[in-house]
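Below is one structure, written out as structure tokens; the observations come after it.
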Amino acid sequence: MAAKAIGSESMLSKYETGKVPVQERHVRRLVQLYALYTQGDPVDLEACLTMARQSNEKEWFAEYRDVIPDHGNRLFSQERAAREIRTFEAHHVPGLLQTPEYAQAIMEEAAAHAQGAPHPPDRAALRRRIAFRLERQMHLFLPGAPDFYAVLDENVLRRTKFSTPVMRAQLRHLFTLAENSPGIHIRVLPFDADAGLVPPHSSVTLLLMQSGYGDDLVYIESSNMGGVYVGDPAAVEKHRQRLTTLFMGAADKDATLAIIDEHIQRLVGRR
């Protein structure tokens, strides 16, 4: 029925995958169809039209599209309309909390492990990817920014592949954010955490959206598939509960600061 309302299955598919801008006349038809199908359940037409207009605007990261992965576009776009972001990281410091040097080390490591990449990474592209990451981070410090809740496996703090100065600076940055940033809440899941806490094997990010900006969304980073999005409300709720349980079961703020400081001290004096 939805396809018929806007003209074709092909057009509906293009809308769903974001390949074409959304036409307002189609939004109006779909809202009318929904109201009929639900026997008059009220739908906020203006909110739907606002969302359509926003989706058609130039994305803030458009100038970086050539150096960032396509699978991240939806995440990068929608996180700016979130009221709250929750994430768990098992392997790296979250991108929103990385120093430029740490981000560069991760990107160089990824390039070294990419198929057919015996040549050094493109330095110009690398600089632009870092610039994109820093611009993405800035949103967390603007008025109206989403609250950010991050749980890091303690293994993240023990990375040995990167140079000592890079890791030491990154840990100090984490400590400063955890101690002084009111909207950023960092917790470490320690090695001796309750055995009942079973963390995900990969990175998971939950976006809890502002009213009128779409449904809540989960992004799961996969080394094999790039990234997977979960939008089913029941599945999203399960991820929300799991991330909440991890946050509540991790070390509290003071204990997290102590753990981070312990790893900083471990690196003091090393080169």
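Below are the figures for this structure:
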item: Filter result for R172 (part of a strand (DSSP E or B) and at pLDDT 95 or above); result: no
item: Any chance F247 is among the hydrophobic types (A, V, I, L, M, F, W, C), closer than 14 Å to I85 by Cα, in a helix (DSSP H, G or I) and at pLDDT 95 or above; result: yes
item: Subset of segment 225-237 [farther than 17 Å from Y149 by Cα and surrounded by 12 or more Cβ atoms within 10 Å (Cβ to Cβ)]; result: G227, V228, Y229, V230, G231
item: G196 within 18 Å of R74 (Cα to Cα) and out of contact with any Gly (no Cβ under 7 Å at 6 or more places or on another chain); result: no
item: Selection count, segment 204-215, where residues are closer than 17 Å to A81 by Cα and at pLDDT 95 or above; result: 4
item: Criterion (modelled with pLDDT of 95 or more and within 25 Å of Q78 (Cβ to Cβ)) met by exactly one of A131, A125; result: A131
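Every residue, every condition in (1) within 28 Å of D215 (Cα to Cα); (2) at pLDDT below 90; (3) not basic (K, R), yes or no:
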position	(1), (2), (3)
R53	yes, yes, no
G72	yes, no, yes
E79	yes, no, yes
Y102	no, no, yes
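The values are calculated or read from the model by the stated rules, or taken from the named source; none is laboratory data. Computed from a predicted structure; not experimentally measured. Glycine also receives a Cβ, built like all others from the backbone with ideal geometry; neighbour counts cover every protein chain displayed.
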